Amino acid sequence: MGLVLAIETSTHLCSVAVGRDGALLAERNEEGEGFIHAERLHVLAEEVMREAGEGFAALDALAVGIGPGSYTGLRIGLSAAKGYAHALGRPIIGVGTLEVLTAALHALGAALEPGPVRHPMIDARRMEVFTAPFTADGRPLGAPEPRVLEAEWAAGLGAALVFGDGADKASALWAATAGVEHMPGIRPWARALLGVAEERLRAGAVDDLAYLVPLYGKEAGVTKPRT
């Protein structure tokens with residue numbers, strides 16, 4: 001199947017991993033209060049390739065998280081992945097970040113029980129998140145959408161498992177909501193993206209380099225200057 005470099009920059013986490021045929025060869029994960037992606041992404045990519053003992057020319061494909069998430073992070077990550085793919089003449093695979101989060105959760109394996117609907121959540125600032133429901137085996141049940149974290153909506157989730165940086169900022173809400181279990185600390189690590197991308201590459205499900213765009217989740221809050 002080949003060597004794949006995965007890049008995930010949809011959140012404050014800057015995550016890069018490289019793997020071959022289902023085996024993780026190297027990864028780097030850095031997270032700060034601000035966005036470090038512009039300064040650190042290419043450095044981390046070089047580090048994982050060096051640790052894997054491979055040059056960029058050996059890559060067979062690029063994988064990238066396409067959101068929803070941070071406008072800044074998504075632009076930087078997708079631009080980098082497209083740059084590598086174009087320069088190397090390799091295919092690119094875009095994966096939704098909520099799917100990456102769900103794959104990261106499932107990587108915990110035996111720690112999970114089947115049953116509750118999974119709700120990965122990405123922080124959309126203030127008390128808003130991007131989320132979508134997924135089945136226990138990782139199939140999406142709806143499209144990503146922005147949601148305000150309020151008690152009435154949370155109560156309507158029923159039996160649910162919530163996770164991601166968006167869920168982590170509302171731990172008090174989940175503690176007060178019957179039927180909802182919060183699993184903290186789950187992030188869209190590139191190693192989880194790598195697993196999803198390798199399956200798609202095996203199936204030949206790659207994206208068009210020219211037309212792959214970020215899934216921002218909502219319009220940017222741009223204000224017009226005063227005249």
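The values are calculated or read from the model by the stated rules, or taken from the named source; none is laboratory data. Being a predicted model, the structure only gives us computed values, none of them experimental. Because the Cβ atoms are built from the backbone with ideal geometry, glycine has one as well, and the counts that use them run over all protein chains shown.
Taking Y211 as the residue in question, decide whether it is aromatic (F, W, Y) and farther than 17 Å from E8 by Cα.
Details: aromatic (F, W, Y): yes; farther than 17 Å from E8 by Cα: yes.
When the stated conditions are applied, Y211 passes them.
Considering I36, I76, which residue is in contact with a His (Cβ under 7 Å, 6 or more places away or on another chain), among the β-branched types (V, I, T), surrounded by fewer than 23 Cβ atoms within 10 Å (Cβ to Cβ) and closer than 20 Å to L13 by Cβ?
Result of the check over I36, I76: I76.
Take the residues in segment 146-182 that are under 17 Å from the mean Cα position of the chain (by Cα) and over 30 Å from A52 (Cβ atoms); name whichever of them is surrounded by the most Cβ atoms within 10 Å (Cβ to Cβ).
Only one residue tops the list, namely V162.
Under 9 Å by Cβ, and 6 or more places apart or on different chains, what pairs join a residue from segment 1-26 that is surrounded by fewer than 24 Cβ atoms within 10 Å (Cβ to Cβ) with one that is at pLDDT 95 or above and of a type in the set (V, I, T)?
That search, which allows pairs on different chains as well, returns L3/V18; R20/V4; L24/V18; L25/V18; L25/V48; A26/V16; A26/V18; A26/V48.
Take the residues in segment 100-137 that are β-branched (V, I, T) and part of a strand (DSSP E or B); name whichever of them is nearest to L13 (Cα to Cα).
So the residue we want is I122.
Determine whether segment 85-94 contains at least one residue that is touching a residue at least 40 places away in the same chain (Cβ under 8 Å), touching a Pro at 6+ places or on another chain (Cβ under 8 Å) and part of a loop (DSSP other than H, G, I, E, B).
No, there is no match, as no residue in segment 85-94 is touching a residue at least 40 places away in the same chain (Cβ under 8 Å), touching a Pro at 6+ places or on another chain (Cβ under 8 Å) and part of a loop (DSSP other than H, G, I, E, B).
Given (1) farther than 30 Å from T135 by Cβ; (2) in a helix (DSSP H, G or I); (3) out of contact with any helix residue (DSSP H, G or I) (no Cβ under 6 Å at 6 or more places or on another chain), where does G77 come up short, assuming only one miss?
Status for G77: all satisfied but (1).
Filter segment 173-187 down to residues that are part of a helix (DSSP H, G or I) and in contact (Cβ under 8 Å) with a residue 24 or more places away in the chain, then give me how many there are.
1
Is one or more of the residues making up segment 104-117 over 14 Å from the mean Cα position of the chain (by Cα) and surrounded by 20 or more Cβ atoms within 10 Å (Cβ to Cβ)?
no
Under 9 Å by Cβ, and 6 or more places apart or on different chains, what pairs join a residue from segment 46-57 that is within 11 Å of L3 (Cα to Cα) with one that is buried (at least 16 other Cβ atoms within 10 Å of the Cβ) and small (G, A, S)?
Going by the 9 Å Cβ cut-off, the qualifying pairs are M49/A26; A52/G19; A52/A26; F56/A45.
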